[in-house]
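Q: Below: one structure in structure tokens.
The values are calculated or read from the model by the stated rules, or taken from the named source; none is laboratory data. Just so you know, these numbers come straight off a predicted model, no measurement behind them. Glycine also receives a Cβ, built like all others from the backbone with ideal geometry; neighbour counts cover every protein chain displayed. Accessible surface is based on the protein model in full, side chains and every heavy atom, while ligands, DNA and RNA are left aside. Shrake-Rupley method; radii C 1.70, N 1.55, O 1.52, S 1.80 Å.
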Amino acid sequence: MATPSKLFSICSVLMSCTFAYSAFVQLNDPDWYFWFPLYAFACVVNLLNRATSPNAITGFAAKVALWLGTFLFIKVVVEDVVSGIAGFCSLDLTERVVREKIGSGLVIISMILHLKASSLVQPRLPKHRKMNERFARLIDIGMAVLLGFSCGLPFIFFVIQKGEIKL
């Protein structure tokens, strides 16, 4: 794999901070044993993949976080559908299931982007090199959009709308 771009590296560092904070606030949850490892794995993968080529350990951690995130996303969606709390497309951060759904979704997307970035290799043919550069640029943009969403949504909800969390 080629070294990550500056945009990807910066976004990875900021996402690792977001996931570290998310892991920290899970410590007082009744089901922390699900959410803390999810955010901790995501933090480690984002932090380690920011400047170096991923190795087997970070690839394994990314896959574990991806599968755990998928499991928890499905768990929360089923819980939401069964109890009818908020709805699948809801962004109402007052509801716990919405926050958990968004958090697990952020981990899933981040891990997919990291795994796709780690699968990029330096092609030998110029035609493939150009396609690879476009794909790498899409990964960079995806990471930037993910970071913008993960920071923008809480800012809009808590600062602009002055929302409060239901416990």
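Q: Provide the FRET efficiency to the nearest 0.05 for the F158-A20 pair, computing r from the beta carbons and using R0 = 25 Å.
A: Details: r = 19 Å, r/R0 = 0.75.
Efficiency computed from Cβ-Cβ geometry: 0.85.
Q: Which of the aspartates and glutamates could a cross-linker span from K130 if the Cα-Cα distance has to be under 17 Å and same-chain partners fewer than 8 positions apart are dropped?
A: D140
Q: Given K63/K101; K6/K116; K6/K101, which pairs have Cα atoms separated by over 25 Å?
A: K6/K101
Q: Convert each backbone phi in segment 141-156 into a coupling constant with the Karplus relation 6.51 cos²θ - 1.76 cosθ + 1.60 (shift: θ = phi - 60°), then list the ³J(HN,Hα) values in order as whole Hz, x for Gly and Pro.
A: Each residue's phi maps through the Karplus curve to give 5, x, 5, 5, 5, 4, 5, x, 5, 5, 9, x, 4, x, 4, 4 Hz.
Q: How much solvent-accessible surface does I10 expose, in Å² to the nearest 10, with a 1.4 Å probe and all protein chains in place?
A: Spelled out: I10, probe radius 1.4 Å, area about 100 Å².
Q: Would you tell me the accessible area of Y21, worked out with a 1.4 angstrom probe on the heavy atoms of the protein chains, in Å² to the nearest 10?
A: 150
Q: Further question: Tell me which aspartates and glutamates have Cα within less than 17 Å of K75's Cα, excluding those fewer than 8 residues away on the same chain?
A: By straight Cα distance, K75 reaches D29, D31, E95, E100.
Q: Moving on to the next point. How large is the accessible surface of E79 in square angstrom, using a 1.4 angstrom probe and rounding to the nearest 10?
A: Spelled out: E79, probe radius 1.4 Å, area about 60 Å².
Q: For segment 69-84, in order, what is each residue's ³J(HN,Hα) by Karplus, 6.51 cos²θ - 1.76 cosθ + 1.60 with θ = phi - 60°, in whole Hz (x at glycine and Pro)?
A: 3J(HN,Hα) across segment 69-84, in whole Hz: x, 5, 4, 5, 4, 4, 4, 6, 5, 5, 4, 5, 5, 5, 8, x.
Q: While we're on this one: What are the ³J(HN,Hα) values, in whole Hz, obtained from phi via the Karplus relation 6.51 cos²θ - 1.76 cosθ + 1.60 with θ = phi - 60°, for each residue of segment 101-107 in sequence order, with x given for Gly and Pro?
A: Values, residue by residue: 5, 5, x, 5, x, 4, 5 Hz.
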